[in-house]
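What follows draws every value from the coordinates through simple rules; no lab data is involved. Just so you know, these numbers come straight off a predicted model, no measurement behind them. Because the Cβ atoms are built from the backbone with ideal geometry, glycine has one as well, and the counts that use them run over all protein chains shown.
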Amino acid sequence: MRIWNEQLIPKLCRQHLLACWREGLGAYSIITENKKGYSQHPAVKEFEGYPVALLWRLFKVRNEMIFRGYKPKELPKREYHGEDFCGIIEPEPWQTLEQQIEILKSKKCQCNI
Ligand SMILES: [Zn+2]
């Protein structure tokens, strides 16, 4: 499970873009519905307490998918709370951008890194 840095989203190959969407949605439901599943996974822990930041990341993933001609489903609907309007606070990333670049490079996939 991996939710890539927003700077990497336009560079992801098809496989990594679609996995990021699927896994990001999974992480969102784990966080917002208190599901057990992968709740201890560091990619999920990163966004624990930051559901709006995760939705924002997913929004960008979804836009990239639309740009490439995919037809992703709608983003999860969210009831807004007062604190949501204080700007989006990004969590401390589990992996740095540089670490994620190294991981993608090692995959020998079609990511444009
Ligand atoms: Zn890739």
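Table: residues versus (1) assigned to a loop (DSSP other than H, G, I, E, B); (2) buried (at least 16 other Cβ atoms within 10 Å of the Cβ); (3) in contact (Cβ under 8 Å) with a residue 12 or more places away in the chain; (4) not acidic (Asp, Glu).
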residue	(1), (2), (3), (4)
ALA19	no, yes, yes, yes
GLY26	no, yes, yes, yes
TYR38	yes, no, yes, yes
GLY49	yes, no, yes, yes
PRO72	yes, yes, yes, yes
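Take the conditions more than 20 Å from GLY26 (Cβ to Cβ), loosely packed, with under 12 Cβ neighbours inside 10 Å, in contact (Cβ under 8 Å) with a residue 24 or more places away in the chain and among the aliphatic types (A, V, I, L, M) and apply them to ILE89. Does it pass? Yes; evaluated as a whole, the condition is true for this residue.
PHE67 fulfils the conditions (1) away from the ligand (no atom under 16 Å from the Cβ); (2) of a type outside the set (Gly, Ala, Ser); (3) in contact with a helix residue (DSSP H, G or I) (Cβ under 6 Å, 6 or more places away or on another chain) except for a single criterion, (3). With the structure loaded, tell me whether GLU33 is more than 16 Å from the ligand (Cβ to nearest atom) and without any contact (Cβ under 8 Å) to a residue 24 or more places away in the chain or whether it fails that test. Yes: the conditions hold for GLU33. Scanning the range 92-113 for residues that are assigned to a loop (DSSP other than H, G, I, E, B), within 16 Å of ILE9 (Cβ to Cβ) and more than 15 Å from the chain's Cα centre (by Cα) yields CYS109, GLN110, CYS111, ASN112, ILE113.
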